[in-house]
Structure formats: structure tokens, C-alpha cells
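Trainee: The structure follows.
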Amino acid sequence: MMELKKTPLWSEHKRLGAKMVEFGGWEMPLQYTSIIEEHKTVRESAGIFDVSHMGEILVEGPDTLRFVDKLITNSVSKLKNGEICYSPMCYENATIVDDLLAYRFSENKILLVVNASNTDKDYEWIISQKHGYNVDVKNLSKDYAQIAFQGPKAEQILKKISGVDLSRISFYTFTLGQINGINCIVSRTGYTGEDGFEMYFQPDAAVALWRKLIEIGGKEVKPCGLGSRDTLRFEATYMLYGNDIDDTTTPLEAGLGWTVDFTKPTFNGKEVLLRQKENGVSKRLRGFEIDGGIARHGYEIFDGEKKIGHITSGTKSPTLNKSLALGYVENQYSKIGSEVLVDVHGKKVRATVVKTPFYRGSVKSK
């Protein structure tokens, strides 16, 4: 058995009585009280998440913009300094290596924030693509702790200890400044569908900042685990790598066409994606409302006896009180209102294709 990695906040999770689980090679909190309670706190007030397991890969050098634009489908060249973009990073066949955030510090410096379970794989892939580009690539994941503070009241609570004017940080931008006297990268980003901030800082400051956020939040703030993080992102229809997207799916199949900048001269997977754009895709990721039972990852989707797809994520939505799911279906079944069947424990239950996102919260938008 490989020993699980621990974040700088591991002892805090144990102290607070969190139920711990393995996630992407890390020992992480699943929940502290209950998933539903933590979910509700983020929707109504503010929750605090340890996301120090995420990976940070720094690209620096004269060819940084050109190199990162080759790696990802979105465009960092079009960002201003201090702006962030969300993007898939693809192989040459247009399937997805990972989805990430690219933080543009300058023309010569971009920080890529990648999924915890993919950090080593991503780093090796990025290094393998370096030939012909004057860039330096470093895996700085051990140099950062990260806390996400999410919810409609996040700004008003966080400003009590913020040395930066949070109101001036617009959606998908970041600044450098102090939170509780700690030097941070502070970005208006998140994975919950609510307003909020993500803070990156040196690991030895994590416990002090975590405790201070709980202290200033009082009854309005709760520490939250991976369980509610998943239900929150699911309702907002944010992708989970390994479930909704992976190295068998392309951005266009996953409904991420808005992240693909076809005006760029070149990027990995461009030719395949252009063909998919012209000819259409054979399968699409869609949202479903399930009539009876809860559909989980891997459950099969049918038209009568014919298998036409599979579920990627599913749960009973705590906010909407409905059984919902995401899944890939053959293109002809992907229209809103289409009815299909999902095999739930050997029983085929009716499901209807519905619009996504399932829920829109307080998250700011461009």
C-alpha cells in the first residue's frame, strides 16, 4: 500500500473530527458534519475548503505564451496580466489530458493549476511538449497550500482580514496581496457555482489562515469536505476529470466548445476538433432528470434494449431536491426533452434530457 499524501491542514481535519478518505493519492476530508449541511452552508453563506492537494505548474521564459497556447485549447495570449482562463489540455488526438486554470502573471510567466490526481502525469506531458520552445517548467505543488472560501457571503466575511480590496477582483482575475497578514495569490474563482475566492500561499501559513477564517465566520462559516464540493460542482455542472471528461472524450463532446479558440494558429488536437466542428460529434455530454432512483457514474443509458450511452456523474441534488445526472449519449438522443432509460440496479427508469447548468448560484460572470 502506497502511503497517502497529506496536506498542511491534515491535522486540522483530524482535530475537527472529519471523516477522511483517499482521493487522488491524498488523505482528504469527505465531510465534517454532513454533506447536505455543508452543501447548504455554501449555498446560503460561506464554506471553507482545503484544496492544497491541487497541483501548481509554473511556466516561465520568452516563449511562455506561445507554448501554453499550444498546450491548451483556450487562449492565454488574449488574456491581460492578472486574468485567468479555464481550459482543457489535450493530446494530439484531441482527447483530454486534464482541465486546468491558467493564471497569467506576464508574457513570460503563467501558473497552471491542475487536478491533484493528474499533477505528475500533467507535468511529464508538459515537459514532453517543450521541444523547440524557450521555456522553463517547474512543478511547484509542494510550495503552495490552497484554501477555497466559497459562498454568497464570502466577500463580506473575508474582507475583515483582507489587505486587498476584494471588490476590485472581478470574476476570473487575481491579485497578489495579504490575507490575515499572509502573502497570497487571491483569485475570484471556485468550483461550487457560488461567489468566492481561492487563496494560494506558503504551506506553513495554512493552519493560521484556516483557523482565522473559521473564527471570523462564526456561525456563518463551516469547514467543508470533498463530499459537498462534489455535489456543489455537480449542480453547477462543472466537469470532474475522470468522471465527466478524460482521455476518451474531447472538449466538443463534453460541451466545452466555448473553451476552444480555433483562431489560434496551432494547438494540440486542433485538426481533430476542426473535423468534429465541421462534421458534428457522435456523442454529447448532457444533463438528465431521473424519474425514480439515483443514477451513478458508469450506469448505462438505453433506448429500449439498445445501449446508447453512460452516466458520468449523478446524485440527488440537495438544492433542487431532484435526482439528476450527467452522461454521454449518442448525438441523436441529445436534444433537450429527449426521453431515454437508465439502468439503475437492474431496473430501467425513465430519464429526460434537461438544460444545464442545473443550478446558477451567486457566482459572478464575465
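The values are calculated or read from the model by the stated rules, or taken from the named source; none is laboratory data. Not measured: the values here are computed from a predicted model. Positions of Cβ are generated from backbone atoms using ideal geometry, with glycine treated the same way; all protein chains shown enter the neighbour counts. Each accessible area value is taken on the protein alone, full model and side chains, heavy atoms only, with ligands, DNA and RNA left out. Shrake-Rupley method; radii C 1.70, N 1.55, O 1.52, S 1.80 Å.
Trainee: Which value results when the Cα radius of gyration for the chain is divided by 2.2 N^0.38 Å?
Mentor: Normalised Cα radius of gyration, the chain: 0.99.
Trainee: Which whole-number percentage describes the relative contact order of the range 301-362, with Cα contacts under 8 Å and a sequence gap of 6 or more?
Mentor: Result for the range 301-362 is 27 percent.
Trainee: Take Arg350 and Glu300, extend 7 Å from each Cα along the Cα→Cβ direction, and tell me the distance between the two endpoints in nm.
Mentor: 2.3 nm
Trainee: Under a 1.4 Å probe, what is the accessible area of the range 298-366 per residue, stated in Å²?
Mentor: 54 Å²
Trainee: Could you work out the relative contact order of the chain? I mean the mean sequence separation of Cα pairs under 8 Å and 6+ apart, divided by the number of residues, in percent.
Mentor: The value is 18 percent.
Trainee: Within the range 185-206, whose backbone N sits under 18 Å from a point 7 Å along Cα→Cβ of Glu220?
Mentor: Only 194-198 pass the distance filter.
Trainee: 7 Å from Cα along Cα→Cβ at both Lys307 and Lys109: what's the point-to-point distance in nm?
Mentor: 5.1 nm
Trainee: Using unit Cβ charges (K, R positive; D, E negative) and no other charged atoms, how large, in debye to the nearest 20, is the dipole of the chain about its Cα centre?
Mentor: 880 debye
Trainee: Please report the Cα spread of the range 1-143 along all three principal axes, rounded to whole Å, starting with the longest.
Mentor: Cα spread of the range 1-143 along its principal axes, largest to smallest: 50, 40, 29 Å.
Trainee: Which whole-Hz ³J(HN,Hα) couplings does the range 91-100 yield from phi under the Karplus relation 6.51 cos²θ - 1.76 cosθ + 1.60, θ = phi - 60°, glycine and proline marked x?
Mentor: Calculated HN-Hα couplings, in order: 6, 5, 8, 6, 7, 9, 6, 5, 10, 8 Hz.
Trainee: Follow-up. Can you work out ³J(HN,Hα) from phi for every residue in the range 225-230, in order, using Karplus 6.51 cos²θ - 1.76 cosθ + 1.60 and θ = phi - 60°, giving whole Hz and x for Gly and Pro?
Mentor: These are the phi-based 3J(HN,Hα) values: x, 5, x, 6, 4, 6 Hz.
Trainee: Still on this structure: First compute the accessible area of the chain with a 1.4 Å probe, then give the percent of it belonging to carbon and sulfur atoms.
Mentor: Reported share for carbon and sulfur atoms: 49 percent.
Trainee: Explain nothing, just the number: relative contact order of the range 9-90, from Cα pairs under 8 Å at least 6 residues apart, as a whole percent.
Mentor: 15 percent
Trainee: Express in whole angstrom the spacing between the alpha-carbon centres of the range 197-215 and the range 96-145.
Mentor: 23 Å
Trainee: Tell me, what HN-Hα J-couplings in whole Hz come from the Karplus equation 6.51 cos²θ - 1.76 cosθ + 1.60 at θ = phi - 60° for each residue of the range 13-25, using x for Gly and Pro?
Mentor: My calculation for the range 13-25 gives 4, 5, 4, 8, x, 5, 7, 9, 9, 7, 8, x, x Hz in order.
Trainee: Measuring from centroid to centroid over Cα atoms, what is the spacing of the range 219-275 and the range 27-76 in Å?
Mentor: For the range 219-275 versus the range 27-76, the Cα centre distance is 12 Å.
Trainee: Residues with amide H under 5 Å of His297's amide H, sequence separation 5 or more or different chain, H placed in the peptide plane at 1.01 Å from N; which?
Mentor: The answer is Gly314.
Trainee: List the residues whose amide H sits under 5 Å from the amide H of Gly196, counting only those 5 or more places along or on another chain, with H placed 1.01 Å from N in the peptide plane.
Mentor: Here Gly151, Lys364 satisfy the definition.
Trainee: Count the DSSP beta bridges whose two residues both fall in the chain, then state the antiparallel fraction as a percent rounded to the nearest 5.
Mentor: Restricted to the chain, the bridges split so that about 95 percent are antiparallel.
Trainee: Hey, for a label at Ser77 modelled as a point 7 Å past Cα toward Cβ, could you say which residues of the range 243-263 have their backbone N under 18 Å away?
Mentor: Counting only backbone N, you get 259-263.
Trainee: Tell me whether the range 230-366 comes out rounded, prolate or oblate; compute the Cα gyration tensor, take square roots of the eigenvalues as a ≥ b ≥ c, and use a/c under 1.5 as the rounded threshold.
Mentor: Oblate is the answer for the range 230-366, as a/c is 1.5 or above yet b/c matches or exceeds a/b.
Trainee: Using modelled amide H (1.01 Å from N, peptide plane; none on Pro or chain starts), what sits under 5 Å from the amide H of Thr249, excluding residues fewer than 5 places away?
Mentor: Ile96
Trainee: For the range 277-334, what does the alpha-carbon gyration tensor say about shape, rounded, prolate or oblate, given a ≥ b ≥ c as the root eigenvalues, a/c under 1.5 as rounded, and a/b over b/c as prolate?
Mentor: The shape class here is prolate.
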